[in-house]
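A.B. asks: Questions regarding the structure given below will be posed in turn.
What follows is calculated from the coordinates using simple rules that are stated; it is not laboratory data. Since the model is a prediction, treat every value here as computed from it, not as a measurement. Ideal geometry is used to build each Cβ from the backbone, glycine not excepted, and the neighbour counts take in all protein chains shown.
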């Protein structure tokens, strides 16, 4: 029986999440986590769309001493129409691929406001 289950798993298609937005288990809290690909030293700070399962955010700041992270938080807060205190970088402070937590909005609202 175990061997037949392993064969079924080996033939199963690989599943990949198509949206960079994931909601917490408790939707009432309004905590949403998004994958973000930061592009520092860009001409202007803006959300540029979705690529490879992450929102692409161009930042008009260098990746030095946390200035790009601060610009990322400010850019996402502005695009989402919320306060900067409701946006936090959870993972990837020194990487371009980051996990960002957004409070006060549903997953659908975040997806719609960021244009994903």
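A.B. asks: Considering only the stretch 51-116, give the strands (runs of 3 or more DSSP E) lying wholly within it that have at least 3 residues that are free of Cβ contacts under 8 Å to residues at least 40 places away in the same chain and crowded, with 16+ Cβ neighbours inside 10 Å.
C.D. replies: 54-58
A.B. asks: Restricting to the stretch 40-49, give me the number of residues that are in contact with a strand residue (DSSP E or B) (Cβ under 7 Å, 6 or more places away or on another chain) and either surrounded by 19 or more Cβ atoms within 10 Å (Cβ to Cβ) or part of a loop (DSSP other than H, G, I, E, B) (or both).
C.D. replies: Result for the stretch 40-49: 4.
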